[in-house]
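Below is one structure; the comments refer to it alone.
The values are calculated or read from the model by the stated rules, or taken from the named source; none is laboratory data. All of these numbers come straight from a predicted model, not from anything done at the bench. A quick note on method: Cβ atoms are made from the backbone with ideal geometry, for glycine too, and the neighbour counts reach across all protein chains shown. Calculation scope for accessible area: heavy atoms of the full protein, side chains included, ligands and nucleic acids excluded. Shrake-Rupley method; radii C 1.70, N 1.55, O 1.52, S 1.80 Å.
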Amino acid sequence: MEYKRSSALFAEAQKVIPGGVNSPVRAFKGVGGTPIFIKEAKGAYLTDEDGNQFIDYINSWGPMILGHAYEPVVNAVIEKTKKGTSFGTPTALETEIAELAVSMVPNIDMIRFVNSGTEACMSAIRLARGYTKRDKIIKFSGCYHGHSDSFLIAAGSGLSTFGVPNSPGVTQGTAKDTLLAQYNDADNVRELFEANKGEIAAVIIEPVAGNMGCVPPKAGFLEAIRQICTENNALLIFDEVMTGFRLAKGGAQAVFGIKADIVCFGKVIGGGLPVGAFAAREEIMAHLAPLGPVYQAGTLSGNPLAMAAGYEMLKALNNDPEVYTRLEEKTAYLEKGIKEALKGKVPFTVNRLGSMISVFFAENPVYDFETAKAADNPYFKTFFHSLLNQGIYIAPSSYETWFLTDALTYEDLDKSIEAIAKVEF
Ligand code: KE4
């Protein structure tokens with residue numbers, strides 16, 4: 001494949017945009033080479049500026065669960081645009097999408113819309129801190145909740161239970177209130193609560209991790225975290241920016257039958273436009289301004305275009321619950337094909353839950369950040385570029401999950417499996 005146009009565009013972009021991208025993972029730093037510039041997309045397919053076509057397994061990092069340029073979303077946004085794009089006032093559509101989301105997701109009474117997953121998670125921990133009047137939070141190594149300061153934290157050294165900044169610009173003052181735990185290790189969470197009695201406001205978790213590659217929870221892990229939070233009067237925050245409306249209509253809460261106290265959304269809920277949200281039972285949400293003292297705001301929160309896109313997306317998913325069965329079957333088919341294609345060639349393991357799937361080039365099972373790190377190796381780079389050159393676009397990092405779209409046909413899946421079988425390591 002030729003990437004001449006993308007290369008030229010990348011050179012231009014780097015002169016005026018840091019790294020040539022508006023979000024770091026797009027720069028292909030994890031795999032090397034030049035990022036491809038996409039010109040247009042439809043259904044399961046991307047077309048880049050050189051006219052190359054790709055089967056898309058990223059789908060804008062999750063939102064395009066029904067395929068790119070999904071007609072009802074496109075038409076709704078066009079019609080809405082003609083009536084004005086933003087008013088900074090309440091609109092009826094915000095109530096309609098809020099009512100629909102509340103009807104689809106268990107255990108929430110109210111929802112507040114924002115413009116990104118970062119904003120949703122940042123606001124959720126502020127709400128949890130305001131509600132519990134405690135300062136500390138627990139997050140898990142390898143989980144990502146957006147780029148607000150409290151989350152850009154690495155594990156502290158040795159026995160220290162509090163975190164250290166993992167980005168310049170994050171202060172020690174912020175880092176000391178974020179504790180790091182190992183994913184799938186409930187005892188580690190218990191130890192942190194023991195060492196910080198009465199000080200922890202919340203545990204925030206990706207119920208199925210997707211930012212160290214796809215790492216599902218071990219049996220009983222989420223139940224244990226739920227119980228520990230309840231015993232310690234701390235809130236359990238499910239970051240469902242990836243899993244929300246993807247794993248099921250009701251997201252991970254519905255899949256695992258676990259009640260979180262606050263749930264964060266992004267990606268699918270916006271149908272491809274900038275939308276995040278956080279939701280909880282009324283007793284918690286009543287603490288939010290203007291009702292309560294916990295401040296949170298946004299000029300374009302709930303704007304008409306994003307709400308139009310999100311509403312059409314949620315309506316489509318709500319009216320066709322079979323979509324989740326189709327996605328389960330397609331992703332299981334792909335998983336089987338990947339295993340057959342790679343068997344005996346390289347050390348690998350595949351993690352999957354629903355339509356989230358990752359291939360790790362590691363001998364052993366991957367169940368947390370430490371074991372995921374073992375898979376960040378040259379095999380992945382070879383795999384990525386070989387597939388790209390065969391017209392298959394997967395995430396340009398072994399720390400990302402693939403997101404399937406229902407627009408994929410079994411012919412697309414077979415083509416993808418054949419391409420995987422042709423990779424030469
Ligand atoms: P945004 O602020 O990027 O909309 O959402 C942050 C976020 C929060 N929580 C989870 C579980 C997430 O996966 C994300 C964002 N995911 C990344 C993919 N690893 C988005 C891609 C990017 O950073 O460009």
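With all protein chains in place and a 1.4 Å probe, the accessible surface of the chain carries 54 percent carbon and sulfur.
With every protein chain present, what is the per residue accessible area of the chain (1.4 Å probe, Å²)? The partial results should precede the final answer.
Details: 17620 Å² over 425 residues.
Ligands and nucleic acids excluded, the result is 41 Å² per residue.
Remark on the stretch 104-148: Rg and Dmax equal 12.0, 32 Å (Cα only).
Say we join alpha carbon atoms closer than 10 Å with springs in a Gaussian network model of the chain; which of Thr401, Thr171, Thr331 then has the biggest fluctuation? Ranking Thr401, Thr171, Thr331 by mean-square fluctuation puts Thr171 first. Across the options Val25, Val102, Ile392, the greatest Cα extent toward the positive end of the charge dipole of the chain (unit charges at beta carbon of Lys, Arg, Asp, Glu) belongs to Val25.
Shape index of the chain: Rg/Rh, with Rg the Cα radius of gyration and Rh the Kirkwood radius from the inverse mean 1/r over Cα pairs, equals 0.95. Treat every Asp and Glu Cβ in the stretch 71-319 as -1 and every Lys and Arg Cβ as +1, leave all other atoms uncharged, and give the resulting dipole magnitude about the Cα centre to the nearest 20 debye. Rounded to the nearest 20 debye, it is 200 debye. What is the sum of charges around Ser150, taking Lys and Arg as +1, Asp and Glu as -1, for the other residues whose C-beta is under 11 Å from the C-beta of Ser150? Here the count lands on +2. Once the Cβ-Cβ distance of Arg326 and Thr47 is raised to the sixth power relative to R0 = 35 Å, the FRET efficiency obtained is 0.90. Directionally averaged projected area (the stretch 321-373, Cα convex hull): 3.9 nm². A dipole drawn for the stretch 71-319 from +1 and -1 charges on Cβ atoms has a positive end, and of Gly220, Thr243, Ala76 the residue lying farthest that way is Ala76.
Springs between Cα atoms under 10 Å define the GNM used for the chain, and in it the highest mean-square fluctuation of Asn52, Asn188, Asn22 occurs at Asn22.
Volume per residue of the convex hull around the Cα atoms, evaluated for the stretch 71-319, comes out as 124 Å³. For the stretch 255-376, would you read off the P(r) tail past 21 Å as a percentage of all alpha carbon pairs? Taking all Cα-Cα pairs of the stretch 255-376, the fraction more than 21 Å apart is 62 percent. The 3J(HN,Hα) values that the Karplus relation (6.51, -1.76, 1.60; θ = phi - 60°) gives for the stretch 64-78 are, in residue order, 7, 5, 10, x, 6, 6, 5, 3, x, 5, 4, 5, 5, 5, 4 Hz. Gly and Pro appear as x. Distances between placed amide hydrogens fall under 5 Å for Ala154 paired with Val164, Asn166, all partners being 5 or more residues away or on another chain. One decimal place: the segment Arg5-Val74 gains 22.1 nm when fully extended, by the rule 0.36 nm per residue minus the C-alpha distance. Highest mobility in the GNM of the chain, judged by mean-square fluctuation with C-alpha springs under 10 Å and restricted to Phe87, Phe369, Phe113, is found for Phe87.
Residue separation of Asn364 and Lys15 scaled by 0.36 nm, minus their Cα-Cα distance, works out to 121.4 nm of gained length.
Taking θ = phi - 60°, what integer Hz values does the Karplus form 6.51 cos²θ - 1.76 cosθ + 1.60 yield along the stretch 284-291, in sequence order, with x for Gly and Pro? Per-residue couplings from phi come out as 7, 5, 5, 7, 8, 4, x, 6 Hz.
The modelled label-to-label distance for the pair Thr171/Lys415, using points 7 Å beyond Cα in the direction of Cβ, is 5.3 nm.
Quote the charge dipole size of the stretch 33-130 about the Cα centre in Debye, to the nearest 20; the model charges only the Cβ of Lys and Arg (+1) and of Asp and Glu (-1). Mind dumping the intermediate values first?
Values: 8 positive and 12 negative charges, 74 e Å.
Computed charge dipole of the stretch 33-130: roughly 360 debye.
Of all trypsin sites (Lys or Arg not before Pro) in the stretch 303-379, which ones are in loop regions per DSSP and have a Cβ with at most 15 other Cβ atoms within 10 Å? Don't skip to the end; give the middle numbers.
Values: sites: Lys315, Arg326, Lys330, Lys336, Lys339, Lys343, Lys345, Arg352, Lys373; in loops: Lys343, Lys345.
Answer in residue order: Lys343, Lys345.
Could you work out how far the C-alpha centroid of the stretch 186-226 sits from that of the stretch 122-159, in angstrom? Cα centres, the stretch 186-226 to the stretch 122-159: 12 Å.
Note on the stretch 341-425: Cα convex hull, mean projected area over all directions, 5.4 nm².
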